[in-house]
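Since the structure comes first, as structure tokens, the remarks are kept for the end.
The values are calculated or read from the model by the stated rules, or taken from the named source; none is laboratory data. Computed from a predicted model, the values in this text were never measured in an experiment. Please note that ligands, DNA and RNA were not included when accessible areas were found on the heavy atoms of the full protein model with its side chains. Shrake-Rupley method; radii C 1.70, N 1.55, O 1.52, S 1.80 Å.
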Amino acid sequence: ALTDHMQAARVFRRGFSTVAQVPPIRRGFIGTVGNTPLIQLDRIASDTGCTILAKAEFLNPGGSVKDRAALAIIQEAISSGRLKMDKDSTVIEGTAGNTGIGMAHVCNALGLKCVIYMPNTQSMEKIALLRALGAEVRPVPAVPYDNPDNYNHIAKREAERLGDKAIWGNQFDNTENKQVHYKTTGPEIWAQTGGRVDAWTCSTGTGGTFAGVATFLKEKNKNIKTILADPPGSVLHKYVKEGILERTGTSSITEGIGQGRVTANLLGAPIDDSVHIADDRTLEMVFRLLDEEGLYVGASSALNVVAAVDVAKMLGPGHTVVTILCDSAD
């Protein structure tokens with residue numbers, strides 16, 4: 001509608017200052033991870049009466065929220081002495097998505113080798129990208145997690161074979177993943193909002209982002225609602241609602257979110273409720289975010305925004321709901 005565009009134009013004019021705000025110089029890739037902005041989604045939130053804020057994790061230097069976990073896992077391995085800063089030292093991970101990209105970037109920045117195991121069902125474009133980033137990619141047959149030849153288990157065995165020359169990232173159950181969000185993402189959200197947060201919601205794959213932020217925010221204010229968002233084919237919605245590990249639906253267009261188990265990162269996280277988000281709503285939000293907010297983000301980010309709208313409507317007008325835009329649509 002014309003009125004919507006006029007409102008957007010007013011926001012556009014207000015968004016600029018005559019005095020430039022110069023960000024600090026950051027040192028390399030590693031110094032650029034984190035401290036991402038919160039984006040206020042005015043048009044998406046317009047019929048909720050609430051403020052919806054989305055953490056722009058696609059602005060991390062590797063393009064996703066997984067840069068934080070990748071960096072934290074590798075830094076802990078180095079500081080603990082499990083991984084030496086040596087050209088022959090190798091980081092091995094089982095990943096079908098953004099964690100591998102983050103690992104490859106961090107390894108390049110630190111002069112380490114990176115080996116990625118992934119299901120052979122992944123796109124050639126994704127494999128080509130990881131190889132372009134310098135990672136050695138080893139596709140293996142796609143089998144369930146409980147099969148010993150699942151790509152995660154093969155990655156673990158390869159790291160064990162190499163001994164003190166390698167580590168297995170173990171993103172799903174290495175709780176450095178959760179801790180980095182407890183130490184950085186949660187505090188950033190708290191500071192950026194001035195503590196004015198009523199709810200936190202996002203989907204989860206490893207569980208690190210949701211759990212780390214939820215734990216931090218609950219410690220700051222126990223009344224903040226922490227609500228897990230879940231796609232079709234995942235067990236977590238019913239786990240939260242009924243305490244059973246049973247899938248809702250069969251599969252989803254989203255990648256990297258949803259789970260068939262409770263990971264070590266998610267175990268014990270404060271979860272007040274869950275919302276199940278159907279794929280058609282996610283797909284609609286992909287286009288709404290582009291058309292109405294100018295944001296070109298992926299399906300998992302769009303699902304998070306659908307969840308934020310649902311939570312805002314559950315809470316009623318006047319509340320602030322925070323979610324995350326985990327990556328772009330590139």
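Per-residue 3J(HN,Hα) values for the range 219-229, derived from phi via the Karplus relation 6.51 cos²θ - 1.76 cosθ + 1.60 with θ = phi - 60°, read 5, 6, 7, 5, 7, 5, 7, 10, 10, 7, 9 Hz in sequence order (x marks Gly and Pro). Heavy-atom accessible surface of residue 198, to the nearest 10 Å², is about 50 Å², with a 1.4 Å probe and all protein chains retained. Each residue of the range 152-167 was assigned a 3J(HN,Hα) from its phi angle through the Karplus curve 6.51 cos²θ - 1.76 cosθ + 1.60 (θ = phi - 60°); the sequence is 5, 5, 5, 4, 4, 5, 5, 5, 5, 5, 7, x, 6, 8, 8, 10 Hz, with glycine and proline shown as x. In terms of its C-alpha gyration tensor, the range 190-330 comes out oblate, because a/c is 1.5 or above while a/b does not outweigh b/c.
A Gaussian network model of the chain, with springs between Cα atoms under 10 Å, assigns the largest mean-square fluctuation among 142, 166, 312 to 142.
A 1.4 Å probe, protein heavy atoms only, puts the accessible area of residue 313 near 110 Å².
Near residue 117, the amide H atoms lying under 5 Å from its own belong to 93, 94, 95, 138; only residues 5 or more places off or on other chains count, and H is placed 1.01 Å from N.
Amide H to amide H, with H built 1.01 Å from N, residue 202 comes under 5 Å of 227, 229, counting only residues 5 or more places away or on other chains. Amide H to amide H, with H built 1.01 Å from N, residue 319 comes under 5 Å of 51, counting only residues 5 or more places away or on other chains. Using only Cα coordinates, the Kirkwood hydrodynamic radius of the range 264-330 works out to 13.0 Å. Excluding same-chain neighbours fewer than eight residues apart, the lysines reachable from residue 126 by a Cα-Cα span under 22 Å are 66, 113, 156. Among the listed pairs 87/178; 87/183; 183/225, those with a Cα-Cα distance over 25 Å are 87/178; 87/183. Phi-derived couplings, Karplus 6.51 cos²θ - 1.76 cosθ + 1.60 at θ = phi - 60°, listed residue by residue for the range 93-104: 9, x, 7, 10, x, 5, 4, x, 5, x, 4, 4 Hz, with x used for Gly and Pro.
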